[in-house]
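Structure record follows, encoded as structure tokens.
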Amino acid sequence: MALQGDVREHLHALAAIDEPARPVRTATQLEAVDALIIPGGESTTIINLLHAFELTDRLTERLAGGMPVWGTCAGMIVLAQEVLDPRPEPLRLLDISVRRNAYGRQVASFEAHLDVEELGAPPFCGVFIRAPAVERVGLGVQVLAALPDGRPVAVRRGSMLATSFHPELTGDHRFHRYFCAFRRDCERPASRAAQGGRAP
Ligand code: GLN
């Protein structure tokens with residue numbers, strides 16, 4: 001989703017692993033893809049632009065219908081069920097509650113080594129930039145990675161994946177590979193991922 005944010009970095013990461021990808025800015029382009037990344041950036045701006053380009057309803061319909069999606073940072077906020085701030089009004093697709101800018105301002109950006117079982121060793125370097133905190137995860141939401149204090153930073157449920165950090169900024173493409181495999185897994189009806197669409 002190329003309305004705002006670090007679109008180019010995601011495209012570079014996908015190109016580096018030979019995954020075809022294209023920017024989506026219009027309703028026609030949205031129809032032409034079968035998986036989507038919503039990038040980091042500014043969630044209020046992304047949501048405002050989704051409304052301005054009249055993409056909100058169709059996007060919500062496609063994602064609710066099972067199109068695989070990965071939201072990174074602002075993208076996680078866009079997907080969330082609940083945002084514990086006055087703005088923005090999220091799409092309410094992924095049953096998590098998030099608090100924006102929970103780790104402080106831009107200068108308080110940080111990196112953390114994350115153990116992510118799905119990626120194996122070594123730990124993944126999480127880059128957190130004015131990141132949201134996941135304050136609640138709903139039933140059936142799987143936590144893939146957490147900070148040492150236990151706060152979840154990568155979650156999935158069914159066809160939805162969300163990370164509060166920025167794998168596209170690291171040069172380590174394991175998370176992009178994971179999403180591409182996850183997305184293919186979602187397309188197989190009998191897969192575990194597809195079953196995860198229903199509460200276990
Ligand atoms: N703070 C931004 C927001 O609330 C997210 C920051 C990011 O995507 N790096 O939307």
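The values are calculated or read from the model by the stated rules, or taken from the named source; none is laboratory data. Computed from a prediction, not measured in an experiment: that's the story for all the values here. Virtual Cβ from ideal backbone geometry, glycine too; neighbours counted across all protein chains shown.
Criterion applied to 99, 105 was being touching a residue at least 12 places away in the same chain (Cβ under 8 Å), in contact with an Asp or Glu (Cβ under 6 Å, 6 or more places away or on another chain) and within 14 Å of the ligand (Cβ to nearest atom), and the one residue passing it is 99. Residue 106 meets all of the listed conditions (1) under 23 Å from residue 169 (Cα atoms); (2) surrounded by fewer than 14 Cβ atoms within 10 Å (Cβ to Cβ); (3) at pLDDT 95 or above but one, namely (3).
Taken as a whole, the condition of being over 17 Å from residue 78 (Cβ atoms) and surrounded by fewer than 18 Cβ atoms within 10 Å (Cβ to Cβ) does not apply to residue 54. Residue 118 fulfils the conditions (1) within 30 Å of residue 188 (Cβ to Cβ); (2) within 13 Å of the ligand (Cβ to nearest atom); (3) touching a helix residue (DSSP H, G or I) at 6+ places or on another chain (Cβ under 7 Å) except for a single criterion, (2).
Residue 48 meets the conditions (1) over 14 Å from the mean Cα position of the chain (by Cα); (2) under 24 Å from residue 168 (Cβ atoms); (3) assigned to a loop (DSSP other than H, G, I, E, B) in every case but one. The failed one is (3).
Evaluation of residue 123 against the conditions (1) more than 23 Å from residue 62 (Cβ to Cβ); (2) surrounded by 15 or more Cβ atoms within 10 Å (Cβ to Cβ); (3) modelled with pLDDT of 95 or more; (4) away from the ligand (no atom under 12 Å from the Cβ) shows that the sole unmet condition is (2). The set of residues in the range 17-43 that are within 16 Å of the ligand (Cβ to nearest atom) and surrounded by fewer than 19 Cβ atoms within 10 Å (Cβ to Cβ) contains only 42.
Return the total of residues in the range 8-24 being in contact (Cβ under 8 Å) with a residue 60 or more places away in the chain and in a helix (DSSP H, G or I). Break it down into steps so the answer makes sense when it comes.
Of all residues in the range 8-24, those in contact (Cβ under 8 Å) with a residue 60 or more places away in the chain come to 9-10, 12-14, 16-17, 19.
Narrowing further to those that are in a helix (DSSP H, G or I): 9-10, 12-14, 16.
Selection size over the range 8-24: 6.
Can you pull out every residue in the range 45-93 that is without any contact (Cβ under 8 Å) to a residue 24 or more places away in the chain and either more than 13 Å from the ligand (Cβ to nearest atom) or charged (D, E, K, R) (or both)? The answer is 51, 52, 57, 61, 65, 85, 92. A residue that is under 25 Å from residue 130 (Cα atoms), over 15 Å from the mean Cα position of the chain (by Cα) and in a loop (DSSP other than H, G, I, E, B) occurs somewhere in the range 25-45.
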